[in-house]
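What follows is a set of notes on a single structure, which appears directly below.
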Amino acid sequence: MNKNNFENNKNDYIAKIQMLISKINKNLINFDEYTNNIKKQSIQINSEYLIKIEENTWAKNTLIKSFNNTSHYKATLEDDDIIIYNNSNNAVFAIKVYCAPFIFDKYQAFMLDKKNFYANRALLVKDKILSMHYDLLYNKNKELLKLIEAINKDNLDIISFKLPNWKTSVELEKVSERIKELDEAITDRNNIKLLTINITKEDLQYAYNFIKNYNTTYYYVYVFFDKAFIISFERVLELISNSNLEDSKYFIENINNSIIIKIIADDEEVILENIEFPKYTTMVKELENGMIVSYSHLGCSNATLNESIIDKL
C-alpha cells in the first residue's frame, strides 16, 4: 500500500490520537507493544471455523459492493483492510470489518423484552415486600428498607444490597426469601446483554500503527445480517480513556488472555441498512488429514449505504 495514495490533510489528527492514548492505562493496552510478527497459533480447521471465514468474507464483499455502487466512492480490499477512495482516486480512510451472525433489530427487540420482563418482575416483588412487610423491615433494617424503596427501572443496573438470612421468625424468613427473589430478578435482568461492537486489543494496536504510517483515519464496521454500524478508532479511544464510561458505554472482557473492548452498538452510527439476507450454498472441503467438513458459502448481498454518514467521516 502506497502512503502517497492517502490525502494528507490530517496534520493534527495523529497528535490528537496520541493525546488520547496518553490517557489510557498501559496495563489495559500498551500501544507501543505492536509488532508485525504474527504469533503462529494452532488453528483447528472445522466447520465452525470455515463458516466464520465465509461470514467475514461476505461482510467485506457486501460493504465493498455498497461503496462501489455509489458515484462518489470506491472501495478495494488491500491486505485485510478496506480502503475507501474518492472521485480523485485518493484514499481517504481505511476500514476493518467484523461480522456478527445476528439479525440485529430482531435480536435486540427479543432481549429488550426479556430485560423488561425481569425488570417488571423485580418491581412487582418490590411492591409485595413493601406492602406486606414494611413495618417489619422498618424495625429490623431501615437502611435496607430505604434501598428497596428507591428501586426503579432506571437504577436496576447499579442497585445492590446484601441479602439477609433471617431465621428467628416465620415472617422474617419470608422477608428474606422475598428479598432473595428480588435480587434474583434484578440479576437475571442485568445478565441479559445487548449486542456490542467487539474490538480486540491487537486490532487497536494495529490501527494505531496504520495511522502513524499512512496519516489517515481508521474505522471499524460491524456487520450484522440486517444492518451495519461504524465507529472510528478515535471514538474508541475517547471511550476507553474515560473510566467513568466503563460498564455504561463500554465493557472490557478478557477472553483467552485477549482483551476485548465491547461498545454498545446502538450508540453508534448505522452505515449499512436493508442488508439483503445472503444466499447460502453448502460446500464440502477435504482437510489434509483426510477429514471431510461441510460449511456454507454466502453470496454477496445488496445493501443501502448511508452516504450522509460517509460524507461526514
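The values are calculated or read from the model by the stated rules, or taken from the named source; none is laboratory data. Owing to the predicted nature of the structure, the values given are computational and were not obtained by experimental measurement. Glycine also receives a Cβ, built like all others from the backbone with ideal geometry; neighbour counts cover every protein chain displayed. SASA here: full protein model, heavy atoms, side chains in, ligands and nucleic acids out. Shrake-Rupley method; radii C 1.70, N 1.55, O 1.52, S 1.80 Å.
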Review point. Relative to the first principal axis of the alpha-carbon coordinates of the chain, what is the inclination of helix 201-214, with its axis defined by its Cα atoms, in degrees from 0 to 90 and to the nearest 10?
Key: 40 degrees
Revision key, fill the gap. Computed over the stretch 181-284, the relative contact order (Cα-Cα under 8 Å, seq sep at least six) in percent reads 33 percent
Practice item. Scan around Ile259 for amide H atoms under 5 Å from its own, H built in the peptide plane at 1.01 Å from N, and keep only partners 5 or more places away or cross-chain. Key: Lys201
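Ignoring ligands, DNA and RNA, please state the percent of accessible area on the chain from carbon and sulfur, probe 1.4 Å.
Carbon plus sulfur share of accessible area: 46 percent.
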Check your understanding: Which far-off residues, 5 or more places away or on another chain, put their amide H under 5 Å from the one on Trp166, with H placed in the peptide plane?
Key -> Ser176
Study note, to complete from the structure: Counting only protein heavy atoms and rolling a 1.4 Å probe, one gets per residue an accessible area for the chain in Å² of 57 Å²
Check your understanding: Packing-wise, with mean Cβ within 10 Å as the measure, how do 252-264, 80-92 rank, highest first?
Key -> 80-92, 252-264
Practice item. Taking H placed 1.01 Å from N in the peptide plane, check which residues at least 5 places from Ile103 or on another chain put their amide H under 5 Å from its amide H. Key: Phe225
Exercise for review: For the stretch 119-133, take each phi angle, set θ = phi - 60°, evaluate the Karplus expression 6.51 cos²θ - 1.76 cosθ + 1.60, and give the result in whole Hz per residue in order, putting x for glycine and proline.
Suggested key: 5, 5, 4, 4, 5, 5, 5, 4, 4, 5, 4, 5, 7, 9, 9
Check your understanding: In sequence order, what are the phi-derived ³J(HN,Hα) couplings for the stretch 64-73 according to the Karplus relation 6.51 cos²θ - 1.76 cosθ + 1.60 with θ = phi - 60°, rounded to whole Hz, with x for glycine and proline?
Key -> 4, 4, 5, 5, 6, 7, 8, 9, 9, 9
Exercise for review: Please work out, to two decimal places, the log10 of the ratio I(q)/I(0) at q = 0.06, 0.07, 0.09, 0.14 Å⁻¹ from a Debye calculation in which every Cα of the chain carries one identical scatterer.
Suggested key: -0.31, -0.41, -0.63, -1.12
Practice item. Find the relative contact order for the chain and round it to a whole percent, using C-alpha pairs within less than 8 Å whose residues are 6+ positions apart. Key: 24 percent
Check your understanding: Is there a pair in Lys212/Lys262; Lys106/Lys227; Lys142/Lys193 whose C-alpha atoms are over 21 Å apart, and which pairs would that be?
Key -> Lys212/Lys262; Lys142/Lys193
Point to revise | Under the Karplus curve 6.51 cos²θ - 1.76 cosθ + 1.60, θ = phi - 60°, whole-Hz ³J(HN,Hα) for the stretch 284-294, x wherever Gly or Pro sits | key: 10, 10, 9, 7, 4, 8, x, 6, 9, 10, 10
